[in-house]
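**Student:** Please find one structure pasted underneath; my questions will follow.
Computed from the coordinates by the stated procedures, all read-outs in this text should not be read as laboratory data. In this text, all values refer to a predicted model and were calculated from it rather than measured experimentally. Every residue, glycine as well, gets a Cβ built from its backbone with ideal geometry; the counts of neighbours run over all protein chains shown.
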Amino acid sequence: MPQSCGPPDPSSDPSKRATAPSLRATELQCQGDEVQGHVNPFDKTEIDSSSEGKYSPQHEVRSEIFSSESKAQSSDRAMDLGLAEDHFSRPVGSFVESDIENLKQAIEECKRLILELPEHSEKQKDTVVKLIHLRLKLQELKDPEEDEPNLQVVLEHRFSKEKSKSVKQMCDKCSTIIWGLIQTWYTCSGCYYRCHSKCMNLITKPCVRSKVSHQSEYELNICPEVGLDKQDYRCGECRTPISLRGIPSEARQCDYTGQYYCSSCHWNDTAIIPARVIHNWEFEPRKVCRSSMRYLALMMSRPVLRLKDINPLLFNFVEELVEIRKLRQDILLMKPYFITCKEAMEDRLLLQLQDRQHFVENDDMYSLQDLIDTSSGRLSCSLTEIHTTFAKHIKLDCEKCQAKGFMCELCKEGDILFPFDSHTSVCHDCTAVFHRDCYYDNSTTCPRCVRMLERKHEESLNP
């Protein structure tokens, strides 16, 4: 650091204060030299060297908060007492208690001046910026950065150290801001739980992903409230005392679990509630606690809802669901063609449904994301496009798949039929395909089933 040409700041170490003669000698020695006035790197005010000699020794070079207009005010001198030292550079070695006290004093002066200064003025804005940096520095002194491992495991959380410094996050443990520039923080790769490194040993919430792995099911009752008395007037997660009056802590209800939580466990996040979707076909987001929000996010794409068992009447009122069910049934009928077709396997046609793998396994299991996309119309559009691509391959592009078509044995007329055609019907016993009108008008049994029974009878007579 360049040697200052004026007396040391009153807030510096008393042992380094200069005496009056030495101050005068320093003043004479510094006349004509360029003054280094930026003791505080965030203070852009420059001191005019031409007017430096006009000051008395006790008012020489100072690190002012604002411009030179207010340098005679006592409030500015009080601010200088806290800001004259370099509080913003990287700390070297250990800090003594006096450094923290000086920062606290400067912070209080900043807060007082912000209230005194005119609103929206440049001086007030500059003081707010200084207050932010002073608080950051104080936090750094209280919690100096140490070498932390890149990976840590706590209560099934798999924490990895974050490298991002500019993204503003909130700590899920202490509910305060994570200042990435000066604080080490971690994120769980399973449930995305975020916290300071200093908060990791205080975590009491297990990883939500483990709950998803062991208990993949939704609460299907709409907001099953039990009341604060059943919770002993304590948070449903951390057991902190809560009440609806906000004393000692505000009680916030989670619309998914129906329980009440404190403000540290419930941040008023919103999510779509599965029970409201299934029973009411309602998609309005409701307020949920942090753990419920993470659980619902991880469960969003899991096909765990069997609608025909939970609420079969829903298909009578939601036409889109009927359309989706028919498309899914057709895709299941197309699947055998692709499994036995070399060209289809090479083109990997079934991978078009890799985001909804359950669509090629069954037609009655739905995920919450499926229902959301059905309501918005996105699922119907995408599934219709995939259905058209699959049908085009079987009926037009591939000769081997065309050869696996059917002729209607009842009327023995018309084009080649496929089980996924809209005007056909399929025998439930032998999977033979007929025209729908022919199949329902025919009073006899299926011709193919008759042949198969005759063949079995002959085989039993002539073993």
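**Student:** Residue separation times 0.36 nm, minus the C-alpha to C-alpha distance between I247 and K308: what's the value?
**Tutor:** 17.4 nm
**Student:** List the residues, sorted by chain then number, that are 5 or more residues from V288 or on another chain and whose placed amide H is less than 5 Å from its amide H.
**Tutor:** It is D255, D269, T270, A271, by chain and number.
**Student:** Considering all projection directions equally, how large on average is the shadow of the alpha-carbon convex hull of the range 286-355, in square nanometres?
**Tutor:** Computing the convex hull of the Cα atoms and averaging its projections yields 7.0 nm².
**Student:** Based on the Cα atoms of the range 216-299, what semi-axes does the equivalent ellipsoid have, where each is the square root of 5 times one gyration tensor eigenvalue, given in whole Å with the largest first?
**Tutor:** 23, 13, 11
**Student:** Please compute P(r) over all alpha-carbon pairs of the range 313-402, binned at 5 Å starting from zero, and give each bin as a whole-number percent.
**Tutor:** 2, 13, 26, 24, 15, 10, 6, 2, 0
**Student:** Hey, any idea what Rg/Rh is for the range 151-202, computing Rh the Kirkwood way over Cα pairs?
**Tutor:** On the Cα set of the range 151-202, Rg over Rh gives 0.92.
**Student:** Give the long-range amide H neighbours of V154: residues separated by 5 or more places, or on another chain, with amide H under 5 Å away, using H modelled in the peptide plane at 1.01 Å from N.
**Tutor:** Long-range HN contacts for V154: F159.
**Student:** Among 219-225, 359-365, how do they line up by average Cβ neighbours within 10 Å per residue, starting with the highest?
**Tutor:** The most tightly packed comes first, giving 359-365, 219-225.
**Student:** Say the cut-off is 26 Å between C-alpha atoms; which of K168/K230; K308/K400; K211/K287; K308/K412; K111/K205; K168/K205 go over it?
**Tutor:** Long pairs (Cα-Cα over 26 Å): K168/K230; K308/K400; K308/K412; K111/K205.
**Student:** Further question on the same structure: Can you pull out the trypsin sites (Lys or Arg not before Pro) in the range 392-463 whose DSSP state is coil and whose Cβ has at most 16 other Cβ atoms within 10 Å?
**Tutor:** K404, K412
**Student:** When every alpha-carbon pair in the range 380-463 is counted, what percent end up more than 18 Å apart?
**Tutor:** Result for the distance tail: 54 percent.
**Student:** If you don't mind, there's one more thing I want to ask. With the Cα gyration tensor of the range 148-268 in hand, give its eigenvalues times 5 under a square root as the equivalent ellipsoid semi-axes, listed largest first in whole angstrom.
**Tutor:** Each semi-axis is √(5λ); the values are 29, 18, 12 Å.
**Student:** Right, another one. I need the phi-derived Karplus couplings for the range 185-195: 6.51 cos²θ - 1.76 cosθ + 1.60, θ = phi - 60°, integer Hz, Gly and Pro marked x.
**Tutor:** 3J(HN,Hα) across the range 185-195, in whole Hz: 9, 10, 10, 6, 6, x, 10, 6, 5, 10, 6.
**Student:** Mind sorting I107, I416 by how few other Cβ atoms lie within 10 Å of their own Cβ, fewest first?
**Tutor:** I416, I107
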